[in-house]
Amino acid sequence: MHDVAAHAAHHAPPTSFIRKHVFSLDHKVIGKQYYALALVAAFVGMFLSWFMRIHLAWNDTAIPGLQLLSKTGAPGGVMTPEYYLQLMTMHGTIMVFFVLTTAPFAAFGNYFLPIQVGAEDMPFPHFNMMSFWVTFVAFLVLMSSFILGDGPTLGGWTQYAPLNAVGSVAGPGQGLGVVLWATSIGLFCVGQLLGSLNFITTTLDLRVKGMSLMRLPLTAWAWFITSCMGLTAFAVLMPACILVILDHVAGTSFFVASNLVINDQVQPHSGGSTLLWQHLFWFFGHPEVYIAIVPGLGIVSHILITNMRKPMLSHRTLIYSMGALAVLSYMVYGHHMFVSGMNPFSSLAFSFPTLVITIPSTIVVLVQVFSLYGSKLRINSASLFSLGFISMFVAGGVSGFFLAQPSIDIMLHATYFVVGHFHMVMGVAAMFGIFAGTYFWFPKMTGRMMNETLGKAHFWLSFVGAYCIFMPFHYLGLAGNVRRYSSFVDDFLQPLIPVHRFITVAALLTGAAQLIFLYNLIHSRFWGKLAPNDNPWEATSLEWSTATPPPFDNFGGKHPVVYHDPYQYGVQSSVGDYVMQTSPEQVKTESDEQ
Amino acid sequence: MSQADLTIGHSTTQTLGPAFSIPTKKFAMWLFIIADTMTFAACLVVYGFLRNGTPNWPRPFHSITNVAIMTFILLTSSLTMLIGLRSARAGDKGAAFRWTMITAALGIVFAFLHIREWLELIDHGMTLLKNPWGTGLFGASFFSITGLHLTHVTCGIIALLVVGVRYKGGRYNADDIEVLGLYWHFVDLVWMFVVPLVYLLNLAH
């Protein structure tokens, strides 16, 4: 038992500033660090999208200050086509990796998973600390490509071969930019692998007495399922990134076919396969989509249940559906590759599970919607964003049915239809999940309430704005508007420019509405109304049973014991219409009465 | 050691305890092995994909003697690891330390033979980029896969030395030896995939 002393020693509450706030072992601090990183990354990504939208709508207009970012990329503030692609790549990479993965999974998961299972911390706090700092370094490496060499890579967040492997002959940023990109993402993989390891062991091993698996809240289940995906998906992207780096630095040709001619020059590389990269990337990439969205499904269900004052129609169905999403997500990755030139039979084989995966997604949404039916939903910023999540998930998901079929996807794949699809179903939906979680858990994290009026304004502007931006994308796609063009000079694209202008205006306004959120977040953190008590939403799960904000060891030396299923609402107890998981009180449930 | 050792001492009586009746450290090692399996699988899939798609794939190996000796040594090291663990479980600290060190020594011999083989191939003109027998991809995938494996062996040797010494000093116990053993057996198992796929398939006719 010698280990006890050692662990307890380095696990006592830290006193120095560095140990407390910077290199902290406390999962709550690490969660907040992840959140801060995601917040910064989200605004960087958003500004990039502003630049891109302005350029698409008003091609010759100078964007003041852009020339400071890159003299060659944006001479006089007007971006070159290459620089447009570079900004697009950074927008995608930052948003998918450093926002949609870090915020709902790493940030909220780190903060609340151990508390929700009743643990004092994760089992491997040092790994947890490394997980954040490796991710942070990964972000810095990615950002450094803005100033190093000839700018960031222009290959898109998918970094398709052979563009990613031939070097600077393929355009600005394809030399050093790609190496920095691959280094950054390789590091990111390491960070998330360490995180996933902690999440899985926390969920399975550190549950308090009485917390059986089915008594875990849906959020805990969602984070657990996500970490299972993270453990296997990031482990594939990491070697892929290393091979890309080898192609660059050592001169191998894993991803470059022989005798490739670029700019009338035969490339020295020979013999690899361009398709191979897509296989490796999408084997990671599709689970990654679910890594972004499944925590949102959990968070939104958790929040809706609390505000509906009744459990979901079926707790188990939601859990099994999320699990099915995770398993199926590995079998569908080829639907990203229908136009890649792989065997058409493969397309068929990947199309079928893609259609099957819509079943668990639909079940999740139907359970949520039918549970809402007839409930007296408490309207607040968190529940509004949860509804917005469902709306976006459905609206974006419906176009997935079209894209799942190779015959239609071949027409739509390279158009704005796909851009609209994934922005709604995993971008905006996951963002709304993050917002909902922020409004909901803010009082627990800080002890203060966020401003509800600003929150509701933020919701309605974002909700209407997101539809104004991304619905026309589908129309543009059907009209044949190609993706990744920096300007629309062809005759058939000219009439669509007014639509692009509308989208750009909507994007600028919706982006500006996010500043309301930022103001609300910062202002409420320091000057917001104090939370009335430890459980302002009258919720049942363990995070609401402890002090606000939770003490270093989460429960102040006490050991919660769990007596109830996670969502005992609509019951009659001494405190109201709910009974907390930790309350030993015997209650009469509605089902008892019937 | 139990779950108690991994969390703060005073809280542990209240936890449900580890799932699957195995300690958290061991469970974490299994999770690491799952992730690492994916990494190796990705590399082997890359190799298979390229090998199938390349007409002039070289078959440079003429003898299996060296790789057979290496395999024998690595398999033996798994056995010595097991004997070490059994001694540790039986409380025989001296024997457990001795067998752990023997395992590390076998690992060092394996690494030595492997590096010697690398140097021979490099001597014949094989690099990451080209080789005298056919497509340059052979060298790239050979050095990547065996390099990844050799990295694992090297990390394993260091871990064996550190854990062995600290076990002798009383800082680690039999459970730590077992967790390390899991890793070592995994490295061994991966080698059993590398040998047929990378060596035997590329034997000259």
Among the residues that make up segment A:544-557, is at least one of them farther than 24 Å from A:Leu304 by Cα, touching a strand residue (DSSP E or B) at 6+ places or on another chain (Cβ under 7 Å) and at pLDDT below 90? no
Mind listing whichever residues of segment B:118-142 are small (Gly, Ala, Ser), within 13 Å of another protein chain (Cβ to nearest Cβ) and over 24 Å from the mean Cα position of the chain (by Cα)? B:Gly134, B:Gly136
Only residues that are touching a residue at least 12 places away in the same chain (Cβ under 8 Å), closer than 20 Å to A:Phe352 by Cβ and either part of a helix (DSSP H, G or I) or in contact with a Gly (Cβ under 9 Å, 6 or more places away or on another chain) (or both): list them for segment A:317-333, please. A:Ser321, A:Gly323, A:Ala324, A:Leu325, A:Ala326, A:Leu328, A:Tyr333
Matching residues in segment A:552-570 (surrounded by fewer than 21 Cβ atoms within 10 Å (Cβ to Cβ) and not small (Gly, Ala, Ser)) number 7
For segment A:168-210, what are the residues that are within 14 Å of chain B (Cβ to nearest Cβ) and closer than 30 Å to A:Asn263 by Cβ? A:Gly186
Checked B:Ile102, B:Ile69, B:Ile83 against criteria (at pLDDT 95 or above and closer than 25 Å to B:Pro196 by Cβ); the one match is B:Ile69
Of (1) surrounded by 20 or more Cβ atoms within 10 Å (Cβ to Cβ); (2) in contact with a helix residue (DSSP H, G or I) (Cβ under 6 Å, 6 or more places away or on another chain), A:Ala62 satisfies all except one. Which? (1)
Does at least one position in segment A:294-304 carry a residue that is more than 17 Å from A:Ala429 (Cβ to Cβ), out of contact with any Asp or Glu (no Cβ under 6 Å at 6 or more places or on another chain) and touching a residue at least 24 places away in the same chain (Cβ under 8 Å)? no
Segment B:17-43 - residue that is under 25 Å from A:Gly271 (Cβ atoms) and buried (at least 18 other Cβ atoms within 10 Å of the Cβ) and, of those, nearest to the chain's Cα centre (by Cα): B:Phe40
Taking the residues in segment B:112-165 that are more than 20 Å from B:Thr71 (Cβ to Cβ) and among the aromatic types (Phe, Trp, Tyr) as candidates, determine which candidate is surrounded by the fewest Cβ atoms within 10 Å (Cβ to Cβ). B:Trp133
Please go through segment A:247-289 and pick out each residue that is more than 13 Å from chain B (Cβ to nearest Cβ), in contact (Cβ under 8 Å) with a residue 40 or more places away in the chain and aliphatic (A, V, I, L, M). A:Leu260, A:Ile262, A:Val289
Within segment B:175-194, can you find the residues that are surrounded by 19 or more Cβ atoms within 10 Å (Cβ to Cβ) and among the aliphatic types (A, V, I, L, M)? B:Ile177, B:Val179, B:Leu180, B:Val187, B:Val190, B:Val194
Could you list, in sequence order, all residues of segment B:33-63 that are within 7 Å of chain A (Cβ to nearest Cβ) and over 19 Å from A:Phe283 (Cβ atoms)? B:Thr54
Any chance you could count how many residues in segment B:53-82 are touching a Leu at 6+ places or on another chain (Cβ under 7 Å), surrounded by 14 or more Cβ atoms within 10 Å (Cβ to Cβ) and assigned to a helix (DSSP H, G or I)? 6
Hits in segment A:538-558 (condition: of a type in the set (A, V, I, L, M), without any contact (Cβ under 8 Å) to a residue 40 or more places away in the chain and within 14 Å of chain B (Cβ to nearest Cβ)): none
Please enumerate the residues belonging to segment A:206-226 that are assigned to a helix (DSSP H, G or I) and among the β-branched types (Val, Ile, Thr). A:Thr219, A:Ile225, A:Thr226
Please list, ordered by first then second residue, the pairs with beta carbon atoms under 6 Å, 6 or more apart or interchain, first in segment B:53-73 and touching a residue at least 60 places away in the same chain (Cβ under 8 Å), second loosely packed, with under 13 Cβ neighbours inside 10 Å. B:Arg59/B:Ala204; B:His62/B:Ala204
When you look at A:Phe43, is it at pLDDT 85 or above, part of a helix (DSSP H, G or I) and either exposed (fewer than 15 other Cβ atoms within 10 Å of the Cβ) or within 14 Å of another protein chain (Cβ to nearest Cβ) (or both), yes or no? no
Go through segment A:56-115 residue by residue and tally those that are assigned to a helix (DSSP H, G or I), among the hydrophobic types (A, V, I, L, M, F, W, C) and closer than 22 Å to A:Leu154 by Cβ. 16
So A:Met450 ticks every box in (1) assigned to a loop (DSSP other than H, G, I, E, B); (2) free of Cβ contacts under 8 Å to residues at least 60 places away in the same chain but one. Which box is left unticked? (2)
Taking segment A:373-395 and keeping only residues that are small (Gly, Ala, Ser) and either more than 20 Å from the chain's Cα centre (by Cα) or crowded, with 24+ Cβ neighbours inside 10 Å (or both), one is left with A:Gly374, A:Ser375, A:Ser381, A:Ala382, A:Ser386, A:Gly388
Do we have A:Gly45 as assigned by TED's automatic domain parsing to the domain that holds A:Thr201 and in contact with a His (Cβ under 7 Å, 6 or more places away or on another chain) here? yes
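The values are calculated or read from the model by the stated rules, or taken from the named source; none is laboratory data. Please read all numbers here as calculations on a predicted model, not as lab measurements. Glycine also receives a Cβ, built like all others from the backbone with ideal geometry; neighbour counts cover every protein chain displayed.
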